[in-house]
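Colleague: Input: one structure, supplied below.
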Amino acid sequence: MLDFSSHDVLLVGGGGAGLRAAIAIAETDPKLRVAVVSKVYPMRSHTVSAEGGAAGVIRRDDSLDEHAYDTISGGDWLCDQDDVEAFVKEAPEELLRLEHWGCPWSREADGHIAVRPFGGMKKMRTWFAADKTGFHMLHTLFQTSLKYNAITRYDEFFVTKLLVDDDRVQGVVALELMSGKIQAISAKAVILCTGGCGRVFRFTTNASIKSGDGMALAYRAGAPLKDMEFVQYHPTGLPFTGILITEAARSEGGYLVNKDGYRYLQDYNLGTAQPKPVLRSMELGPRDRLSQAFVKEYERGRTIDGPYGPVVHLDLRHLGEKVICTKLPFVRELCLKYENIDPVNEMVPVRPVVHYMMGGVHTDINGATPLKGLYAAGEVACVSINGANRLGSNSLPELLVFGARAGRAAAMFAAEQILPGRQVRAQALDEEARLEEHFLQEEGGRERVSTIREEMQKTMEESAGIYRSGESLRRGADKLHELQERFRCISLDDRSRTCNTELLSALEVSYMLDVAESMIQCALQRTESRGAHQRTDYPARNDENFLVHSLVSRTQDGAPRVKYLPVSITRWPPGERIYGT
């Protein structure tokens, strides 16, 4: 039997962006009833895995303009500059607010907040809490949220549909994972804070929960996705698990070396002003350039063959045990647990792995989508401040700044709306019937969830990886179309209601197929190379035709359609990407 409940503002996702938005709503209007619907217990959200730090101007030798310029040039000029200027201004304010709420930032000897260098940043502006920054930030946000009685949590509920009536989002349908009960939750405004979609690829730093849920929900409801072709690879992931070895390991002085023990990045143009990168800073080039350099090393036969593919080595030995245990304790723990390697004495095998989506649900500076009543913040959203390549340590302050903005905007919108009507209840009943008939009652299907997921991940890695071409992308588009058709014949062995993880996997794969198609189509139609989107058949950046955002929408027959939106340029005209000093 379908259960119904009602709130004023509903958040999908209980990680950093969702909790910050919930707090902002409660502070803006304490009378509003707030619901946080999360696929996992909030402290298991993926924000907890962020290691390196959060960027915000705090030192006297730094400035907001310098942070803005680093972000814009690092994004290969695809960032909306008015949004970036607002972001860099509010980032330190949000980080200080977190300090007041109890976040234990690392300190200098004199008591000042410590900062470290990070990739693509010309100044030291990355705040950190050892190498467990996201863990401490999420703890702080979660504990702060507990003091607001207006916030109700639906832990371990999976949202299957946005309810749209009168061209306005008015709630969701969610599946309680433990019981299998289907719940309709109406709301005057909905904020998506579900994170990214790294699990569309096989090798990723992302947890298994990052399956593009929010992006697909918005896409199916009629909101466009933006810049989906820009997928960031992190240059240092562990080769089997994809677990992240944070950029902080290189900011503290770690080296990347090839099979000959040679610091190979000095052979590549990382966008520095000099003919070769400065030795002390070359490991802190932007992530897209470092990942591309790995591919070139592989093509030259200078990588190391491992059981899970080619790798290079991250060398931390010269830092010494004291530095590693003080500033990189989690890195050491991960290496010992998952590779049986102690970075104090041994080099760590690493390879590029999918890490972050620059693209996401198209929003304005306050998180509002073109679909009335729907907002988004965090990695699921694309404002855009990240352009074609996000700089390391910008994502954590992004979820604070835009989580707060989306929360305040949704609160003001909800205060002026009336409760949803009966049409929403009818849609929820239709969704309940769809879940029952297609997944839990239908028999005779021949396709397995795991097979389709594996074929999708292999297709994406081969067709839309670090380097792409028109030919590879067309092959990928054809294969994904085939997988969409085969998914219609999915068969589940488990037809029970309680703790049905196979049903959850099937729903996640359906989301990921939609997201993957949007990525492929945007990449196919962007015939240039920019940031994380590198076309071997179009190797040059083309500002004349492609200094624009891609907007992909779902047509009536389910196919993606791509349009373009101009980039907002305020003060910094497009130029060459320059790093190093």
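Colleague: Search the structure for amide H atoms under 5 Å from the amide H of residue 106, placed 1.01 Å from N in the peptide plane, and list their residues when 5 or more places away or on another chain.
Modeller: Hits under the 5 Å cutoff: 114, 128, 129, 130.
Colleague: Let me ask something else about it. By DSSP, what percent of the beta bridges with both residues in the chain are antiparallel, rounded to the nearest 5?
Modeller: Of all bridge pairs located within the chain, approximately 65 percent are antiparallel.
Colleague: Using a Cα-Cα cut-off of under 17 Å, which lysines could be cross-linked to residue 296, ignoring same-chain neighbours fewer than 8 residues away?
Modeller: 259, 276
Colleague: Taking 0.36 nm per intervening residue step and subtracting the Cα-Cα distance, what contour gain separates residue 267 from residue 437 on full extension?
Modeller: Length gained between residue 267 and residue 437: 55.4 nm.
Colleague: Compute the long axis of helix 501-525 from its Cα atoms, compare it with the longest principal axis of the Cα atoms of the chain, and write down the angle in degrees, 0 to 90, nearest 10.
Modeller: For 501-525 against the chain, the angle is about 60 degrees.
Colleague: For the chain, report the convex hull volume of the alpha-carbon atoms normalised per residue, in Å³, without decimals.
Modeller: 143 Å³
Colleague: Are there trypsin sites (Lys or Arg not before Pro) in region 1-44 that DSSP puts in a loop and that have at most 14 other Cβ atoms within 10 Å, and which ones?
Modeller: The qualifying sites are 31.
Colleague: Now a separate question. Report, to the nearest 10°, how far helix 470-487 tilts away from the longest principal axis of the Cα atoms in the chain, using its own Cα long axis and a range of 0 to 90°.
Modeller: The angle comes out at about 30 degrees.
Colleague: Averaged per residue, what accessible surface does the chain expose to a 1.4 Å probe, in Å²?
Modeller: Values: 21670 Å² over 581 residues.
I get 37 Å² per residue for the chain.
Colleague: With everything on Cα atoms, drop me the angle between helix 395-414 and the longest principal axis of the chain, reported from 0 to 90° to the nearest 10.
Modeller: Approximately 30 degrees, to the nearest 10.
Colleague: So who's got an amide H within less than 5 Å of the one on residue 202, skipping anything under 5 residues away but keeping other chains? H placed 1.01 Å off N, in plane.
Modeller: Hits under the 5 Å cutoff: 461.
Colleague: Cα gyration tensor of region 158-214, axes a ≥ b ≥ c as square roots of the eigenvalues: rounded (a/c below 1.5), prolate (a/b > b/c) or oblate?
Modeller: oblate
Colleague: Right, here's the next one. Using Cα pairs closer than 8 Å and at least 6 residues apart in sequence, work out the relative contact order for the chain, in percent.
Modeller: 22 percent
Colleague: Right, something else. Which of the lysines could a cross-linker bridge to residue 372, judged by Cα under 27 Å and excluding same-chain residues fewer than eight apart?
Modeller: Of all the lysines, those that pass the test against residue 372 - Cα under 27 Å, at least 8 places apart if same chain - are 31, 39, 161, 188, 210, 226, 563.
Colleague: If you take the beta carbon distance between residue 471 and residue 342 as r and set R0 to 41 Å, what does 1/(1 + (r/R0)^6) give as a FRET efficiency, to the nearest 0.05?
Modeller: Values: r = 44 Å, r/R0 = 1.08.
Using R0 = 41 Å, I get an efficiency of 0.40.
Colleague: Further question: Of the chain, which part is the longest with no GluC sites (Glu not before Pro) in a loop (DSSP not H, G, I, E, B) and with at most 10 other C-beta atoms within 10 angstrom?
Modeller: Longest run free of exposed loop sites: 109-415.
Colleague: What length, rounded to one decimal in nm, is gained on full extension from residue 419 through to residue 322, with 0.36 nm per residue of separation minus their alpha-carbon distance?
Modeller: The span from residue 419 to residue 322 would gain 29.1 nm if fully extended.
Colleague: Using DSSP to define loop residues, name the trypsin sites (Lys or Arg not before Pro) in region 509-581 whose beta-carbon has at most 16 other beta-carbon atoms within 10 Å.
Modeller: Taking region 509-581 and a limit of 16 other Cβ atoms within 10 Å, the loop trypsin sites (Lys or Arg not before Pro) found are 571.
Colleague: Then there is this: Over the chain, what percent of the accessible surface lies on carbon and sulfur atoms, probe 1.4 Å?
Modeller: That share works out to 49 percent.
Colleague: Given H placed on each backbone N at 1.01 Å, which residues far from residue 163 in sequence or on other chains put an amide H within less than 5 Å of it?
Modeller: Placed amide hydrogens put 170, 171, 172, 173 under 5 Å from residue 163.
Colleague: Specify whether the C-alpha gyration tensor of region 72-175 places it in the rounded, prolate or oblate class, a ≥ b ≥ c being the square roots of the eigenvalues: rounded for a/c under 1.5, otherwise prolate if a/b is larger than b/c and oblate if not.
Modeller: oblate
Colleague: Explain nothing, just the number: relative contact order of region 104-143, from Cα pairs under 8 Å at least 6 residues apart, as a whole percent.
Modeller: 33 percent
Colleague: Given axes a ≥ b ≥ c from the Cα gyration tensor, I'd like to know whether region 1-64 is rounded (a/c under 1.5), prolate (a/b larger than b/c) or oblate.
Modeller: oblate
Colleague: Also, quick follow-up: Hey, what do the phi angles of region 34-46 turn into as Karplus ³J(HN,Hα) couplings, whole Hz, using 6.51/-1.76/1.60 and θ = phi - 60°, x for Gly and Pro?
Modeller: Along region 34-46, the couplings run 10, 10, 10, 9, 10, 5, 10, 4, x, 6, 9, 5, 6 Hz.
Colleague: Filter the chymotrypsin sites (Phe, Trp or Tyr not before Pro) in region 129-193 down to the DSSP loop ones having no more than 15 other Cβ atoms within 10 Å, then list what survives.
Modeller: Taking region 129-193 and a limit of 15 other Cβ atoms within 10 Å, the loop chymotrypsin sites (Phe, Trp or Tyr not before Pro) found are 148.
Colleague: Mean residue ellipticity at 222 nm from the helices of the chain, using -39,500 (n - 2.57) per DSSP H segment of n ≥ 4 over the full residue count, to the nearest 500 deg cm²/dmol?
Modeller: The per-residue figure over the chain is -11000 deg cm²/dmol.
The values are calculated or read from the model by the stated rules, or taken from the named source; none is laboratory data. Treat the numbers as computed from the prediction; the structure is a model and nothing was measured. Glycine also receives a Cβ, built like all others from the backbone with ideal geometry; neighbour counts cover every protein chain displayed. Accessible surface is based on the protein model in full, side chains and every heavy atom, while ligands, DNA and RNA are left aside. Shrake-Rupley method; radii C 1.70, N 1.55, O 1.52, S 1.80 Å.
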